[in-house]
Amino acid sequence: MSSDSTAVALLRVLAGSLILPLLLFGGVFLAVGLNTGSAPGPYTVVFAAVGDECGAKGQYLEASTGEPLRCMGPGVLRTSSLEFPGFSREQNDDVRHWLAALAEDGGLSVFDHRSVQAKIDGIADGLPPGTRVERESGSTMIWIGAALAGAGLILISGFARRWHQNRRAGF
C-alpha cells in the first residue's frame with residue numbers, strides 16, 4: 001500500500017509540475033498577445049497633454065498645438081519627432097506643414113486631430129510594398145498561449161478522469 005501512495009504522490013507532483021506551468025505560460029502568452037494589437041501603430045498620432053504617459057510606438061503630439069511631446073512611458077523617456085517610417089523627407093514635411101497650418105487659428109480641434117490622422121493614413125497607404133511598416137499583431141502569441149493552455153487543460157482533464165475512474169474502482 002505504501003508504494004501505491006508513493007506512486008500517487010509522485011504522479012501528483014509530476015502532474016502539477018507539468019500542468020501548472022503550461023496553464024501559467026499559456027495565460028501569459030494569451031494576455032500579451034491580446035494586448036499587442038492595442039498599442040498605437042507606427043503611423044498613429046496620439047494627441048495628449050503635457051505630462052501624459054506615452055508608449056513605445058506612435059507619435060505623441062500636444063493636443064492643442066500639435067507640437068511633438070516629451071513624454072514618459074513604461075521605462076522610456078522619449079520625444080516624438082514626426083518622422084514616420086517609410087515616409088520621404090517631403091512627406092514628413094508635408095505632415096508638419098499641415099499641422100502648423102491647422103494650429104495657426106489658435107489650436108487644434110478634435111476635427112483637426114482626425115484630419116491629421118487621415119492625412120498620415122493616406123500617405124502610409126500609398127507607400128510602396130516593403131516600405132510600409134505594418135502594425136504588430138499578437139496572433140502568434142495568441143496561438144502559442146492557446147496551445148499551451150489547451151495542452152494544460154487536456155492534461156488536467158485526463159488526470160481528473162483517471163483519478164475519478166480509480167476512485168470508482170476502489171484504488
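The values are calculated or read from the model by the stated rules, or taken from the named source; none is laboratory data. These numbers come from a predicted model, not from an experiment. Cβ atoms come from the backbone with ideal geometry, glycine included; neighbour counts cover every protein chain shown.
Say we look at region 81-99 and pick out the residues that are assigned to a helix (DSSP H, G or I) and of a type in the set (A, V, I, L, M); which of these is nearest to Phe47 (Cα to Cα)? Looking at residues that are assigned to a helix (DSSP H, G or I) and of a type in the set (A, V, I, L, M), I get Leu99. Taking the criterion of being outside any helix (DSSP H, G or I), under 24 Å from the mean Cα position of the chain (by Cα) and polar (S, T, N, Q), the residues of region 100-156 that qualify are Thr131, Ser137.
Of all the listed residues (Gly107, Gly122, Gly130), the sole one being without any contact (Cβ under 8 Å) to a residue 40 or more places away in the chain, out of contact with any Asp or Glu (no Cβ under 6 Å at 6 or more places or on another chain) and closer than 24 Å to Val46 by Cβ is Gly122. When Val50, Val28 are screened for being at pLDDT 80 or above and among the β-branched types (Val, Ile, Thr), only Val28 passes.
To keep it simple, each residue is scored yes or no on (1) aromatic (Phe, Trp, Tyr); (2) outside the structural domain of Thr65 (by TED's automatic domain parsing).
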residue	(1), (2)
Gly107	no, no
Ala118	no, no
Trp143	yes, yes
Leu148	no, yes
Leu155	no, yes
